[in-house]
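> Just passing along the structure, written as structure tokens.
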């Protein structure tokens, strides 16, 4: 990230929410899968081999933390990382720990 | 962080451990306090106004995740961020989310 970007200050609760969202193996895998490209929930379902309601739960946690967003396409939903996911994580970290 | 640094690959379990360690308001505050300088447990105790055994627990979680280290000085322990804490967090994040 360009170090000249000004990070929006976050309150402690919002920071904790970001890290809670990251602190799960399925959710980290979902973020890895979405890192290179947009993927539909059907693709995530196949890749992760996970029960549909458990996948929905993990997608909800990631969405509520502001890390991913979904866009309806027929009976599927296309998921992608939000444009400010990386900055949000940076803002949630103490300054010296921002990679 | 210099983008030329090669990050050591981590397994999924270790990545989750890093984010679990970050996903707590007390632990984020401890990392903020240790960001500018080394601090003894007595200082952390005063700053956070927290029960000693709860502070010990949070310090243990951060130590076990590899984010902080302690060095005994008489009856106190001086805590500091580990030199590779920032790189460890970067390595735990999906590539596009590394700030």
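FYI, it's all coordinate maths here, none of it is from the lab. Because the structure is predicted, anything quoted here is derived from the model rather than measured.
> For the protein assembly as shown, with equal point scatterers placed on the C-alpha atoms only and solvent neglected, what are the log10 I(q)/I(0) values from the Debye formula at q = 0.09, 0.10, 0.18, 0.19 1/Å, to two decimals?
The Debye formula, applied to the Cα set alone, gives -0.36, -0.44, -1.22, -1.32.
> Mind telling me which of A:28, A:67, A:54 comes out most flexible in a GNM of chain A, alpha-carbon contacts under 10 Å?
A:54
> Between the helical axis of A:25-34 and the dominant principal axis of chain A, each derived from Cα atoms, what acute angle in degrees is found, rounded to the nearest 10?
That works out to roughly 90 degrees.
> Taking the alpha carbon gyration tensor of the range A:10-54, what are the square roots of 5 times its eigenvalues, largest first, to the nearest whole Å?
Numbers: eigenvalues 112, 30, 14 Å².
Three semi-axes, in Å: 24, 12, 8.
> Quick one: give the max-minus-min coordinate of the C-alpha atoms of chain B along each principal axis, largest first, in Å.
So the three principal-axis extents are 41, 22, 19 Å.
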